[in-house]
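Notes for the one structure printed next.
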Amino acid sequence: MPLNALRKLSFLVKNHPLVRPVLERNRWLVAAYFDWRYRKPDTYNYSASEEERIKRERIASFLGDRHYTNILEVGCGEGYMTTVLAPLGERLLGIDISKIAVERARRMHAGNPRVSFLKADVFTFRPKETYDLITCSEILCYLNLEQIDQAVRNLIAHLAPGGRLLAVDVFASGESEEGLELKKIGARTIHPLLEAIPGLTSTQVQTHPGYEMMLFEKTTASGSDT
């Protein structure tokens, strides 16, 4: 079966009215799903894709107007985005729900003592430190609206005052000509939701074919702090 057909079938199954609520309530199933997706290295073709390389460079440039002390990369995957984020700060922690992805990321960045990785769920992650940059690149589109609000509020509870939150999300079908058919929730839905969270202020936005990058700043106590 062609890859696109498999993706559509997977999308239909996991979004079935009887299946999706089960997946949303049981995060271990989500972890198992992404471990399955990562059963082969570079399952998303990040290393060879020119489009993904350009996206990484754009993200680095978008964030590169300041130097960060402590970076949290949410949904780090196998560590490809880490290669452009790590030089922007003193320390970087990448988290991902997939144990397999985290193990590969550790191997990729084994020579960099300033970079570490942890298997963690965005809903239950409770670090003892704060971050001045938190990145969510194409992560929030896997959640429903309630989960997006919950996850972001948890994250920004660990964002230092004046710290930045980066959200990079693709357009869903119907949001733009380049919108992905397999995405039900995209940038046009997600980013206004983030703008409505108290204590987060949108400071910059860049729109590119197929996706949008939006930068927020923590201005007051917010998230789980309130």
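Limited to the range 173-200, what total is found for residues that are outside any loop (DSSP other than H, G, I, E, B), exposed (fewer than 15 other Cβ atoms within 10 Å of the Cβ) and either touching a His at 6+ places or on another chain (Cβ under 8 Å) or modelled with pLDDT of 90 or more (or both)? Within the range 173-200, residues that are outside any loop (DSSP other than H, G, I, E, B), exposed (fewer than 15 other Cβ atoms within 10 Å of the Cβ) and either touching a His at 6+ places or on another chain (Cβ under 8 Å) or modelled with pLDDT of 90 or more (or both) number 2.
Within the range 97-108, identify whether any single residue is within 21 Å of Met214 (Cβ to Cβ), under 14 Å from the mean Cα position of the chain (by Cα) and not in a helix (DSSP H, G or I), and answer yes or no. No; the residues of the range 97-108 include none that is within 21 Å of Met214 (Cβ to Cβ), under 14 Å from the mean Cα position of the chain (by Cα) and not in a helix (DSSP H, G or I).
With the structure loaded, tell me whether Ile134 is part of a helix (DSSP H, G or I) and of a type in the set (Val, Ile, Thr) or whether it fails that test.
Numbers: part of a helix (DSSP H, G or I): no; of a type in the set (Val, Ile, Thr): yes.
Taking the combined requirement at face value, the residue does not satisfy it.
For every residue, the table says whether it meets (1) charged (D, E, K, R); (2) in contact with a Cys (Cβ under 8 Å, 6 or more places away or on another chain); (3) closer than 18 Å to Thr219 by Cα.
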| position | (1), (2), (3) |
| --- | --- |
| Arg106 | yes, no, no |
| Leu155 | no, yes, yes |
| Ala160 | no, no, yes |
| Arg164 | yes, no, yes |
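Note on the range 203-226: residues that are farther than 16 Å from Asp169 by Cα and modelled with pLDDT under 95 total 8.
The values are calculated or read from the model by the stated rules, or taken from the named source; none is laboratory data. Keep in mind the model is a prediction, meaning the values are calculated, not measured. FYI the Cβ positions are ideal-geometry reconstructions off the backbone, even for glycines, and counts take in every protein chain you see.
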